Structures are given as C-alpha cells and as structure tokens.
Amino acid sequence: CHGALAEENVSAYFVLYFKYSAVDTNPLSVYIMQHLWNRAVKIVPLWIAPNLLTFCGFVMILINYFILAYYDWDYTASGVGHEHVPKWVWVLAGFATFFAYTLDSIDGKHARRTNSSTPLGELFDHGLDSWATSLFTLSLFSVFGCNGETGVSAYTLYTVLSVVLLTFMLSHWEKYNTGVLFLPWGYDISQVTLTAVYLVTAVIDVEAWYKPLPFGYYFTDILLSMVIGCSVFLSLPQTLYNIYKAYRNDALKMSSLYDGLLPLLSPLLLFITLTAWVAISPNKILTKQPRLFLWMVGIAFSNVTCRVIICQMSNTRSETIHCLLFPLAIIVCTVATGLSRKIEQFLLFGFTALATAAHVHYGICVGRQLSKHFNIYIFSLKKRVQE
C-alpha cells in the first residue's frame, strides 16, 4: 500500500501543478446532453460528495453486469432454444446504463458547484471509467450471444472488447502527451445507443435482433460495426490529429519520442500476450470460459490504464513494463509447452483472481494516499482531522 504512489513528489505535483483540462466537441453532448446535465446537477444536494456520485454510477453498472452474468454466464441465453434473459433485466440494464451515464456526466459539474474539485476526484472518475468501459461492453455482449448462425463467436467478442479498451487507453495516452483530455465522440454515442438497445430488447425480445436483414446481414452486424466504427473512425483519428496539432504547435509535454510512446508498450504487450494465449490454448480457453476470460482482460487493461492516468496527471514518466505481465507471460509459456492442458482453467481462475485483487488493492491504496495527502475524505465533503 505504501508503494502505490512510489514517490512523494508524485503527490506533491498534484498540489503544485495540477489543473484539469478537458475539451468536449461532440455535438450530441454539446447541443443536447449538456442541457440535461445542467438541470440534473441542480437536483443533487450540496452536501453530497462528487465522488459518491461517481461511485454510485459505477456500482449500478457493476450490479447490472453481475445480474446479466447470473442469467447468461456463457453468453448463450439469447440463442434459440435457450432460456432467455428476463425482460425486467433488460429494463434494468437500460435505466442503469443511462443513470450511470448521467452521474458520470454531472460529477464534475457538482464538484465545481460545491468548490470541491481535486486531483483525487479526476483520478477516481477516470479510474472507474477505465473499469466501467469493459463492463459496458461485456454487458452488451449478452444481446449478441455466442450462438449458432445468428450469434457471434467468442473470438469476435474478444476482438471488439480489445478495440474498445485500446481506444479508451489512447484517449489518456493523448492527454499524457498533450496535457488536454479530448473527450472521445464515441462515448456519448455509445451510451445513448446502449440504453436504446436494452430498452428495445425488453419490448421486442432478444430474438428480434436475429431476424435477417437485406443482403444477409443481421442487427448484430450493424451494432458491432457501430462499436468498432466509433473507435476506429472517430476516436482514433481524433487522437492522432490532436497529438499532431500539439506537435505542430510545439506543445507536447514529452521531450522525446520514446517517452511519448512508452505508455503504449504495456497495453500492446498485454494484448499480444492475451492473444497468444487465445491462439495456442489447447482447451480453447476463450470459448470454454468466455465470461471469465473477458472479465480478466477488462481488469488487466483497466489497471494498466490507471497507472498511465496517474502518470499523465502527475507529469511523471510512465512505467516500462506492467507488473501483471510477468505472471501472465509465465502462464502463456506454460500453456505453450502443453504441460498445463489439465490445469489451464485453474490457471485462468487463479490469474483472474490475482488481477482482480491487485486492481482493487491498488485503487484503495492510491485513494487512501491521495485522501491523506489532500486532507480530505473520498466520499465526504468534510475535511480530515490532521494526524
């Protein structure tokens, strides 16, 4: 816990130089949703801490994920001949997604309204967002399903999740280099789309999504194309352009190309290692345990991203290799030798538990350290008593 923020000057930088800088140019957000958020934030009592709004939104998404996991553990419940997810779950998923989206959008406004904006609040917000990104995606997969002709394969689910997580990571890599968080257009579009899909599913039932469209396409093809399209054709070009613009204006924070690209090393190695595991698994581990494997992917990417977020907020150099890569590499090498054929699922269970525990532990330790440093409580507007 002591080493969560290894150096005291990291915390000190937060106090001396930190300034939150974000730009939102999404027309959906600017011209429509912001008006709703400005009204919604006025309903929140002034004694409620902004971090409490952030956490409540995250808990909604987490509960929604676990309910869907209960009814659809292996992503087959939407298939023909299987017992479908109850309609009330889809209604809950729609409202939980929209309310979480609302709370995530007004927590910063509420912080400025109560004069309680802190680096801890930004880190808490974006840290939970890095985890929620995978939960949003994994919950949506229950609409697709891994079933027959009309469903999608577990490998497609893994590819889509990886694209979404890497896109989220790129937005914070962008801030690491430019000092400004350009909010990706895909976020607002995806949240509104998710809400609509869940509520429509509750009305027409999940099988309606599997009716063929002209030219042999299905609604799932369109939905997946939208998810990947928002990432590849909206967020990625926006990120690259903003970094280029900062370079052209001599406004990059990193002094060398190596330092600028360093945060991408661990995510890329993580993706390569995980993909290698999927490719060489003798038990086809991804198809046998899709939910567990994809949960582990989301947790690992979230922890890597959180460390980059801390580096870009504290203006410190990114770590070279993430610590979770070492046990993961050992597991993949063991799988490659064929010696772990009988225990591969146990290795997955063990590494998933390790990654989840490490991520939660890291978040708690960083939160406690910054809370103590700023003399504030995480979930209260009261000041801490100096020790």
Next item on the list: Using Cα positions and a limit of under 29 Å, work out the lysines in reach of LYS245, with same-chain residues fewer than 8 apart set aside.
Entry: LYS19, LYS109, LYS175, LYS253
Next item on the list: Per DSSP H run of at least 4 residues, take -39500 (n - 2.57); add these up for the chain, divide by its residues and hand me the 222 nm value, nearest 500 deg cm²/dmol.
Entry: -22000 deg cm²/dmol
Notebook entry, point to check: How many angstrom lie between the C-alpha centres of the range 268-295 and the range 338-387?
Noted result: 23
Item checked: For the chain, built as a Gaussian network whose Cα springs stay under 10 Å, the top-fluctuating residue of ALA132, ALA93, ALA358 -> ALA358
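For the chain, with every protein chain kept in place, what is the accessible area per residue (1.4 Å probe, Å²)? Please list the in-between numbers first.
Details: 18300 Å² over 387 residues.
Value for the chain: 47 Å² per residue.
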Check: Where the only charges are on Cβ atoms (+1 Lys, Arg; -1 Asp, Glu), what is the dipole of the chain about its Cα centre, to the nearest 20 debye?
Finding: 720
Notebook entry, point to check: What nm distance separates the two modelled labels at THR356 and LYS382, each placed 7 Å from Cα along Cα→Cβ?
Noted result: 3.3
Item checked: Of the chymotrypsin sites (Phe, Trp or Tyr not before Pro) in the range 32-100, those whose Cβ has at most 16 other Cβ within 10 Å and which sit in DSSP loop -> TRP47, TRP73
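Quick check on the range 17-374: take the gyration tensor over C-alpha atoms, sort the square-rooted eigenvalues as a ≥ b ≥ c, and tell me if it's rounded (a/c under 1.5), prolate or oblate. Display every interim value, and only then the final one.
Details: a/c = 1.58, a/b = 1.17, b/c = 1.35.
It comes out oblate by the Cα gyration axes.
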Next item on the list: Could you look at the range 17-374 and say what percent of its accessible area is carbon and sulfur, using a 1.4 Å probe and all protein chains?
Entry: 69
Check: Near LYS382, which lysines are there with a Cα under 16 Å away, not counting those fewer than 8 places off in the same chain?
Finding: LYS372
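The values are calculated or read from the model by the stated rules, or taken from the named source; none is laboratory data. These figures come from a predicted structure and were not determined experimentally. Neighbour counts are summed over all protein chains in view; Cβ atoms, including those assigned to glycine, are modelled from backbone coordinates with ideal geometry. The protein model used for the area step is the full one, side chains on, heavy atoms only, and it has no ligands, DNA or RNA in it. Shrake-Rupley method; radii C 1.70, N 1.55, O 1.52, S 1.80 Å.
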